[in-house]
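J.: Structure incoming, see below.
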Amino acid sequence: MYFIKRLSVSCLRKSKIQQRCQSNRRPTAPLGSRILTDPTKAFEHNMWDHMQWSQEEEERAREKATENALVRVQPEAQDKYEREASKYWNEFYKTHKDNFFKDRNWLFLEFPEILPEGKKTPMNEEEKSLYHVKLNATNKCTNLGFPGTFEEGKDYCQKNSVDGFTSVQDSIPGVFLYCCDFASGAVALVKSHLSCNSAWCFAFVHDVCDDALRYPFPDEILDVILLVFVLSAIHPDRMQGVVSRLAKLLKPGGMMLFRDYGRYDTSQLRFKKGRCLSENFYVRGDGTRVYFFTKDEVHNMFTLAGLVEVQNLVDRRLQVNRKKKVKMQRVWIQSKFQKPFQPPQNSCQ
């Protein structure tokens with residue numbers, strides 16, 4: 001999970017917020033414009049965008065999910081998967097290292113809010129060079145007491161690296177990035193990357209489900225929280241508490257950016273009987289767990305945390321294996337929620 005804090009004098013980042021979507025439909029370009037109009041050409045590309053399901057397809061998916069959920073994991077085993085969740089994810093990262101989760105090239109297109117104010121794309125090489133000159137001219141800063149805070153007179157310093165170790169960090173000046181995971185192996189991978197620099201990034205182990213654990217920074221300092229395939233690994237009963245706690249970390253006007261598995265995604269329908277923990281919540285063969293969301297569930301969860309919906313949509317795509325002639329219906333939920341600038345007014349006077 002990533003937390004982003006702007007290093008600038010301005011307290012609030014307004015321009016990006018003012019550009020937010022006025023409807024739940026995302027612009028065509030970020031999502032992709034590869035539309036399948038002729039079913040006979042399905043295997044000409046690996047992925048097709050904006051797929052629409054027929055009522056029959058939806059019903060078949062529902063029946064398959066219901067069938068797979070008939071046999072549930074025993075309560076004793078469920079308790080073990082909950083208690084030892086970090087162990088299973090540590091084993092996952094030990095096996096896969098950073099080869100499983102690749103840099104996501106779509107991240108800046110789908111979530112431009114993570115870019116600095118007024119910046120629409122990552123920097124090119126010339127811009128990087130100019131920014132490095134600017135960094136070298138920056139006066140020495142003094143840490144104020146927690147990672148990501150620097151003081152020069154009364155202003156924050158624009159002090160951070162622009163090399164980056166994933167698509168989130170690459171070429172983004174003017175931000176401080178916090179990265180956390182409850183699997184120490186994942187955090188170790190971040191710290192071991194050549195571009196990891198304490199001047200602009202702080203990676204730490206943290207269990208977001210443990211309300212007693214303090215974050216290494218105070219509330220209401222973050223501009224962006226990026227939740228990409230994070231909540232699906234958490235027990236459904238604990239998700240609301242996690243989102244509500246994270247919302248307190250955002251500045252007024254800050255954004256929570258969410259992308260995760262959607263209901264009846266191919267990966268859900270592939271589970272066999274005996275892998276279901278609870279409704280739409282499953283355990284994989286390696287012991288890691290995954291939940292599959294609906295748009296309404298996401299809306300309710302984030303609005304109950306006091307956030308306002310900016311975008312909330314179902315992203316349906318057709319992924320194909322051209323060699324094996326296999327079609328896979330992929331479903332994701334993508335959402336953006338904003339913390340209000342002012343607390344909601346009490347309507348009961």
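The values are calculated or read from the model by the stated rules, or taken from the named source; none is laboratory data. Here the structure is a predicted model, which is why all the values come from computation and not from measurement. Glycine gets a Cβ as well: all are built from the backbone with ideal geometry, and neighbour counts include every protein chain shown. In case anyone asks, the SASA skips ligands and DNA or RNA and just uses the protein heavy atoms, side chains included. Shrake-Rupley method; radii C 1.70, N 1.55, O 1.52, S 1.80 Å.
J.: Looking at the range 241-255, which of its residues are out of contact with any Pro (no Cβ under 7 Å at 6 or more places or on another chain) and in contact (Cβ under 8 Å) with a residue 40 or more places away in the chain?
T.: Val243, Ser244, Leu246, Ala247, Leu249, Leu250, Lys251, Gly253, Gly254, Met255
J.: Exactly one condition in (1) modelled with pLDDT under 95; (2) touching a Phe, Trp or Tyr at 6+ places or on another chain (Cβ under 9 Å); (3) not charged (D, E, K, R) is not met by Leu277; state its number.
T.: That leaves (1) as the condition not met.
J.: Report every pair of residues separated by at least 6 positions or lying on different chains whose Cβ atoms are under 8 Å apart, first residue within the range 65-79 and modelled with pLDDT under 95 and in a helix (DSSP H, G or I), second open to solvent by 80 Å² or more (accessible area, probe 1.4 Å) and of a type outside the set (Phe, Trp, Tyr).
T.: Final answer for the pair search is Glu67/Lys273; Asn68/Lys272; Asn68/Lys273.
J.: Related question: Which of the residues belonging to the range 209-245 are closer than 25 Å to Leu115 by Cβ and not in a strand (DSSP E or B)?
T.: Tyr215, Pro216, Phe217, Pro218, Asp219, Glu220, Ile221, Phe229, Val230, Leu231, Val243
J.: Quick check, is Lys94 in contact with a helix residue (DSSP H, G or I) (Cβ under 6 Å, 6 or more places away or on another chain) and under 17 Å from Asp265 (Cβ atoms)?
T.: no
J.: For the condition of a type in the set (D, E, K, R) and within 22 Å of Ile4 (Cβ to Cβ), what is the one hit in Asp207, Asp211, Asp265, Asp237?
T.: So the residue among Asp207, Asp211, Asp265, Asp237 that is of a type in the set (D, E, K, R) and within 22 Å of Ile4 (Cβ to Cβ) is Asp207.
J.: Another question, if that's okay. With respect to Val208, is the statement that it is surrounded by 19 or more Cβ atoms within 10 Å (Cβ to Cβ), within 18 Å of the chain's Cα centre (by Cα) and modelled with pLDDT of 95 or more true?
T.: When the stated conditions are applied, Val208 does not pass them.
J.: I've got another one for you. Check the range 164-178 and report whether any residue there is at pLDDT 85 or above, of a type in the set (A, V, I, L, M) and either in a helix (DSSP H, G or I) or open to solvent by 10 Å² or more (accessible area, probe 1.4 Å) (or both).
T.: Taking every residue of the range 164-178 in turn, none turns out to be at pLDDT 85 or above, of a type in the set (A, V, I, L, M) and either in a helix (DSSP H, G or I) or open to solvent by 10 Å² or more (accessible area, probe 1.4 Å) (or both).
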